[in-house]
Amino acid sequence: MDANAVSLLAIFERKMRAEIPLFQRQYVWSQEQQWEPLWEDISRKFMESIEGRQDAPVHFLGAMVLDQKQTPVTHVEKRQVIDGQQRLTTFQLFLAAFRDFCRENECIELAMECEGFTENKGMLADPAVDRFKVWPTLVDREQFANVLLSGSRAELERRHPIVWRKYARKPEPRPRMVQAYLFFHDQLREFFIGSAEEPPIGTDFPLSTRLLDCFQALKNLLRVVTIDLQQGDDAQVIFETLNARGEPLLPADLLRNYIFLRAARAGHDQENLYHTYWQPFDDEFWRVEVKQGRLIRPRSDLFMQHFLASQLEEDIPVKHLFVEYRNWIERRRPFQNVEEELQTLARHGRNFRRILEPTPGDTVYHLAVFLEAFDIRTAYPLLLLMMDSDISPMEWGAITEVLESYLLRRSVCGYNTKNYNRVFLQLTKNLRRNGVTSASLIQQLAQQTGESAVWPSDTAFRDAWMRHPAYDLGNAKLVHILGRINLSFANGWNEPLVFQQQPSIEHLMPQKWIDNWPLWDGSQGMEFLEALQAPDGDARAAATERRNRMVQTFGNLTILMQGLNSSQSNLGWMEKRPVMMANSLLPINQGLNAVQEWDEDAIETRGADLYMRAARIWSDPATFAARLRGAQAAE
């Protein structure tokens, strides 16, 4: 057999048809498991190309095994796909989406260029079949041909419209290949066009230039390994060998081998270097697997990922870790020797462990606890920079306040976190150049715009606080928020409250309120189906809907050190209040003793009071900027 690394588009450049045997399984790739990771790989190379990164390494998208078949002289060359048919098919679906996106945005020449990689041109013995670069299994051919030949998203959607069955809550799924095309088309539109709230990358350049740059990235920076079988090669044996379930080396293993191999070549004492710097990484702590996004990885891999992201100021997927690290060492030469490299890794490793195992009294403690409660790990590269800088405890406290305000306000407002990687890496880059100070941080965050990055004002924060379903934030976030507010009742301090045991979140008016909590006019609330079927303008239905909404807001939530059982929790207010007070001496709850009736007005009043305290604890950007100006004037 003959193995070669070739560019993604080189496979489709020649006049050839890759035929998937009928006995192979049909197309099964899905969005979460395969399309999204593939798009992450492609979009990352697109981003590097638009940003002009000249030293970006090529990325391998996998391997495929092809078996050449004898074809008559007048026919298109044919290869049988032994392994990699899902990947090969998906590439064609992506290219069709890219081609049509170019055409829709008046990049006609580029669209025609792309067409050369999705269709065979010229004289064809059997045009109905030979025109395709890939020919799927029988069951998939119709949908594949529709995707490749429709010529536009609109036409494909016309051929495969959304179908609703009677009484169904969701439409019937479109064919899987059509879904894949629509997914990639959506991603291309978001990447190149963006939205009013989130502009695309590289807006300084026209769309046609960006599309051409990215097409070049497809040709030059994305590669696959093609294995061409020769006469006498057993296709089945090779297929089984490629798909054997061996135990793969983790990125941290590869990096350790790479570092110590270079140490040996440089004549360093490997044992001494290992005991001095690397041995702590072999502690059981680093082998513990933790979840990050959809991946579950050992802590050692996540440390190396965040460390490298902090150094390169770029997003580094775990699966690219070894290649990116080696590229960084060999092209940028950031260290004079291997020992300096290991010293740096050991120092940052100790700091990373301080983040994952925060200790009271450590400067990073409060911020690390907050980030864990709010499940935000994309800030770790910034934290590693901060911990490696000479920052006073007072400055640490100020930076913690700023970051917590920014992230907590966004969480309460329900803003998404999908661009946090970009936000925090840009902060890392700017603070490294301008100085790691709270003043610089405030300036950078206050300039953020769009729902994916803006620092919410008091107006937006108050509206979300009073109206949004706060209970959806989850227990960890609510305990942190209400715990901090609890301390403002006790002494006005803004230090986080450390609970010996995790408190529970309690709805003052229970979620199941209908039996014991009549509406304002004494009538009983409606169950879901009854309210759904009520005529428009029905007062009881409107009152029920309003109460159901307010029950989930901050004004109706509190923390108890010992949770109530369901029968106690669902009692009417006069019966529930003494039971609840007996289970909690927290200051946040003491004022409830004087409340004789708990209804929508009481929830609104308490929500407004809690908001005023929250706004003082987690100030808005204008307040932070005013404080900064005052401090600068005082100096």
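A few remarks follow.
- Residue that is most open to solvent (accessible area, probe 1.4 Å) [pool: residues in segment 89-107 that are touching a Leu at 6+ places or on another chain (Cβ under 7 Å) and within 11 Å of Leu207 (Cβ to Cβ)]: Asn105
- Restricting segment 26-53 to residues that are within 17 Å of Gly293 (Cα to Cα) and acidic (Asp, Glu), the residue that is surrounded by the fewest Cβ atoms within 10 Å (Cβ to Cβ) is Glu32.
- Residues satisfying the stated conditions in segment 75-131, i.e. small (Gly, Ala, Ser) and assigned to a helix (DSSP H, G or I): Ala96, Ala97, Ala111, Ala128
- Restricting segment 151-177 to residues that are touching a residue at least 24 places away in the same chain (Cβ under 8 Å) and touching a helix residue (DSSP H, G or I) at 6+ places or on another chain (Cβ under 6 Å), the residue that is surrounded by the fewest Cβ atoms within 10 Å (Cβ to Cβ) is Ser152.
A quick yes/no check of all residues on (1) within 21 Å of Ala622 (Cα to Cα); (2) touching a helix residue (DSSP H, G or I) at 6+ places or on another chain (Cβ under 7 Å); (3) modelled with pLDDT under 90; (4) of a type outside the set (Lys, Arg):
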site: Asp458; (1), (2), (3), (4): yes, yes, no, yes
site: Phe461; (1), (2), (3), (4): yes, yes, no, yes
site: Ala464; (1), (2), (3), (4): yes, yes, no, yes
site: Asn475; (1), (2), (3), (4): no, no, no, yes
site: Asn491; (1), (2), (3), (4): no, no, yes, yes
site: Gln501; (1), (2), (3), (4): no, no, yes, yes
site: His507; (1), (2), (3), (4): no, yes, no, yes
site: Asn516; (1), (2), (3), (4): no, no, yes, yes
site: Phe528; (1), (2), (3), (4): no, no, yes, yes
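- Of everything listed in (1) assigned to a loop (DSSP other than H, G, I, E, B); (2) open to solvent by 20 Å² or more (accessible area, probe 1.4 Å); (3) at pLDDT below 90, the single unmet condition for Gln511 is (3).
- If you go through segment 54-88 and keep only what is in contact with a strand residue (DSSP E or B) (Cβ under 8 Å, 6 or more places away or on another chain) and over 26 Å from Val323 (Cα atoms), you end up with Leu66, Asp67, Gln68, Lys69, Thr71, Val76, Glu77, Lys78, Arg79, Gln80, Val81, Ile82.
- Within segment 11-35, being in contact (Cβ under 8 Å) with a residue 60 or more places away in the chain and assigned to a helix (DSSP H, G or I) holds for Ile11, Phe12, Glu13, Gln31, Glu32, Trp35.
- Just one of the numbered conditions (1) open to solvent by 60 Å² or more (accessible area, probe 1.4 Å); (2) in contact (Cβ under 8 Å) with a residue 40 or more places away in the chain; (3) not polar (S, T, N, Q) is not true of Lys418: (2).
- Residue check, Pro358 open to solvent by 50 Å² or more (accessible area, probe 1.4 Å) and more than 20 Å from the chain's Cα centre (by Cα): no
- The set of residues in segment 579-622 that are open to solvent by less than 50 Å² (accessible area, probe 1.4 Å), of a type in the set (Val, Ile, Thr) and free of Cβ contacts under 8 Å to residues at least 60 places away in the same chain comprises Val579, Val595.
- Tabulated pairs, segment 96-123, first within 11 Å of Ser152 (Cβ to Cβ), second acidic (Asp, Glu) and open to solvent by less than 20 Å² (accessible area, probe 1.4 Å), C-beta under 8 angstrom, 6+ apart or interchain: Ala111/Asp100
- Members of segment 258-289 that are open to solvent by 40 Å² or more (accessible area, probe 1.4 Å) and β-branched (Val, Ile, Thr): Thr276, Val288
- Of all the listed residues (Glu271, Glu340), the sole one being modelled with pLDDT of 95 or more, more than 21 Å from Tyr380 (Cα to Cα) and more than 27 Å from the chain's Cα centre (by Cα) is Glu340.
The values are calculated or read from the model by the stated rules, or taken from the named source; none is laboratory data. Only a predicted model underlies this, so the values are computations on that prediction, with no experimental measurement involved. All Cβ positions, even for glycine, are placed from backbone atoms using ideal geometry, and neighbour counts span all protein chains on display. Side chains included, ligands, DNA and RNA excluded: accessible areas come from the protein's heavy atoms. Shrake-Rupley method; radii C 1.70, N 1.55, O 1.52, S 1.80 Å.
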